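Please treat every number below as a calculation from the coordinates, not as lab data. Quick caveat: nothing in here was measured; it's all calculated off a predicted structure. Here the Cβ positions follow ideal geometry from the backbone for every residue, glycine too, while neighbour counts run over all protein chains shown.
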Amino acid sequence: NAGVTQTPKFRVLKTGQSMTLLCAQDMNHEYMYWYRQDPGMGLRLIHYSVGEGTTAKGEVPDGYNVSRLKKQNFLLGLESAAPSQTSVYFCASTKGTGGLTEAFFGQGTRLTVV
Amino acid sequence: LAKTTQPISMDSYEGQEVNITCSHNNIATNDYITWYQQFPSQGPRFIIQGYKTKVTNEVASLFIPADRKSSTLSLPRVSLSDTAVYYCLVDPNNAGNMLTFGGGTRLMVKP
């Protein structure tokens, strides 16, 4: 049972380049989330999904797009990377409504935009 | 969404009990309170969750007064390995729709 897996773990982009971060969970969770964490700061919610085929904006959605075509995968896209998007990105998942909503996190993706 | 307020940082010594209080004055009737722990270069890890009164597990205790406008995470006999950032979250309807993290409390445990 791998839990939540993020790909890649590290990436360096040039300004204007695009990339997609992949989050995969094998716990059959309904809800998935993407966060960014800047040095010394807390996590900020970018986008989230409450089920396959659905997505919603979080606190800081600008400059990012997401897709949830399969229940187990949640993709985060940067169409035109900017230095301000240099951060550590975390993906998380929860089972959804009802009972304990413990969130499981991936190991993070460290992205540098130069 | 209920906003949470916690101390930015706390210091403690090994073997002491640490209590971190979180304020959530506008918590709604259906909201649950959840605490996470984050070590450097790792994603947050769930510690404990509660709705009212007291909840205890093998890691910590969570105290929630009757008005639910605050909560206190209690870590018994901390060790150096408890040095981390601790986040208090209010989960609307216990649904996990919008899990938003504030700045957290940076706990430093000293020898």
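Below, the figures for the structure above:
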quantity	calculated
Residues with amide H under 5 Å from that of B:THR83, placed H, sequence gap 5 or more	B:VAL109
When each of A:LYS95/B:LYS110; A:LYS71/B:LYS69; A:LYS95/B:LYS52; A:LYS9/A:LYS71; A:LYS57/A:LYS95 is checked by Cα-Cα distance, pairs over 30 Å	A:LYS95/B:LYS110; A:LYS71/B:LYS69
Computed Kirkwood radius, in angstrom, where 1/r is averaged over Cα pairs of segment B:1-43	13.0 Å
Hull-based mean projected area of segment B:17-73, where the convex hull spans the alpha carbons, in square nanometres	4.4 nm²
Highest average packing first - B:10-18, A:22-30, A:87-95, Cβ atoms within 10 Å	A:87-95, A:22-30, B:10-18
Extension gain from A:VAL60 to A:GLN72, taking 0.36 nm per residue of separation minus the Cα-Cα distance	2.0 nm
Whole-number Å³ per residue for the convex hull built on Cα positions in chain A	96 Å³
Trypsin sites (Lys or Arg not before Pro) lying in DSSP loop within segment B:30-104, provided at most 10 other Cβ fall within 10 Å	B:ARG77
Inverse mean reciprocal Cα-Cα distance (Kirkwood Rh) of chain B, Å	14.0 Å
Within a Gaussian network of chain A (alpha carbon springs, distance under 10 Å), most fluctuating of A:SER67, A:SER18, A:SER49	A:SER18
Distant-in-sequence amide H partners of B:MET10 (H built 1.01 Å from N, under 5 Å)	B:ARG106, B:LEU107, B:MET108
Size-normalised alpha-carbon gyration radius of the protein assembly as shown, reference 2.2 N^0.38 Å	1.02
Residue among B:LEU75, B:LEU62, B:LEU89 with the largest mean-square fluctuation in a Gaussian network model of chain B, springs linking Cα atoms under 10 Å	B:LEU75
